[in-house]
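Accompanying notes for the structure given below.
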């Protein structure tokens, strides 16, 4: 029987300060670039969640010396030209970021590897990455009809391409840029809607010459990176769950310390403000090319809004908790242009709709999003996490607004991005979960 966690609150109010875990996207990329670069890299504030630990394990198999003490990681790399041939599969677990970005890195290396994942990841599409990589001359093989894991990658010399992205995806863009770093010529990626730009920022910080502007990103091949010291800010996607809770619960106010404010990631702040939450941003700073700040979120009289277009890539991971928030807002909230939710850890459109309906929400799924009518009272019940950390956290936050207990199936999946989630939830509430 899978683990089930009971979460129940009585008239909860969220108060206090919170330091959320390090940004998952930045933690992945810091390990990747530190392992590609020559010399020593020191990472502080690393997210010690399961996904990021998979990335560390893979580079250890490639001969990179990596030492970790909690959230501090020290990497001593000989440079990717001196990686060793691994003796077994490179296992990405459930981490789509690890798998897709590693395809771009391994394609231009000197090693031959097999990249694999767990059952869920092995059913997620990789063709959006393998198609442009094959245009560059990569040698990627699979025993399956589709481009699904496991994939055999035979490192080879790559050629630069000009690639127009069919859909906004930071993972695909990053894989192409990593491949371009080891390709002959200059690789250019064009996006109609700009996706997360952590890779471009960190490549620049590690010494690469990257040109960005007008929806285009270019990188010349043959560049050598040098190890650096990286300070990882708090993950705004993790903070978003408590931000939404503070906005939803009357009398609540939470101060979030040193949260990443990358402009390609701040859609949650725009949405909360438009819905009526009270938000204050102070102490803005910048480290290794990534802005961060202190953010205070307090309860407001929430109104339904329409969310779509260019805003979607800036809050794609936050849409499950936004849907929950919409059940407590006055009027109708429409989420559209979010087809990408269909190919996350699970089909998040179907999953969010199913779980919120269990609690009494007035919500319907559409091909590219959801329509939520509010406010509606929510009841407790048994909710599935689907093994998806974002859905597990959404279910826990839902317990703050229900009249009965919420029982979460497989809550351990939350460890993927937020190992201390329940401790922080209890810290902020006046009534502890039972």
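Packing, as the average of other Cβ atoms within 10 Å across residues, places the peptides 341-353, 76-88, 311-323 in the order 311-323, 341-353, 76-88, highest first.
Relative to the longest principal axis of the Cα atoms of the chain, the long axis of helix 24-36 lies at roughly 10 degrees.
Looking at the chain, the DSSP beta bridges with both ends there are about 70 percent antiparallel. The ranking of 389, 373 by Cβ neighbour count inside 10 Å, starting from the fewest, reads 373, 389.
Computed over the chain, the per-residue total of -39500 (n - 2.57) for DSSP H runs of n ≥ 4 gives a 222 nm mean residue ellipticity of -8500 deg cm²/dmol, rounded to 500. Each eigenvalue of the Cα gyration tensor of region 277-431, multiplied by 5 and square-rooted, gives one semi-axis; in descending order these are 23, 20, 18 Å. Just to be sure I understand, if you calculate percent of Cα pairs over 41 Å apart for this structure, which of [x] 10; [y] 24; [z] 14 do you get? Of the listed options [x] 10; [y] 24; [z] 14, [z] comes from this structure. Tell me the angle of helix 389-398 to the major Cα principal axis of the chain, expressed in degrees between 0 and 90 and rounded to the nearest ten. Helix 389-398 and the main axis of the chain meet at about 10 degrees. Based on every Cα atom in region 7-128, Rg and the maximum pairwise Cα distance Dmax equal 16.8, 59 Å. Suppose we look only past 15 Å in the calculated P(r) of region 217-306. What percent of the Cα-Cα pairs does that tail hold? Roughly 62 percent, rounded to a whole number.
For the listed peptides 257-269, 231-243, a ranking on the average number of other beta carbons within 10 Å per residue, highest first, reads 231-243, 257-269.
Could you tell me how many degrees, from 0 to 90 and to the nearest 10, lie between the Cα long axis of helix 96-107 and the main elongation axis, the longest principal axis, of the Cα atoms of the chain? Taking Cα atoms only, the helix is inclined about 10 degrees. Size descriptors for region 24-231: radius of gyration and Dmax over Cα atoms are 15.4, 43 Å. When restricted to Cα atoms, region 256-317 yields an Rg and a Dmax of 12.4, 37 Å, respectively.
Quick note: the coordinates plus some simple rules give every number you see, no bench work behind them. Fair warning: this is a prediction, and the values are worked out from it, not measured in the lab. So basically every Cβ, Gly included, is an ideal-geometry build from the backbone, and we count neighbours across all protein chains shown.
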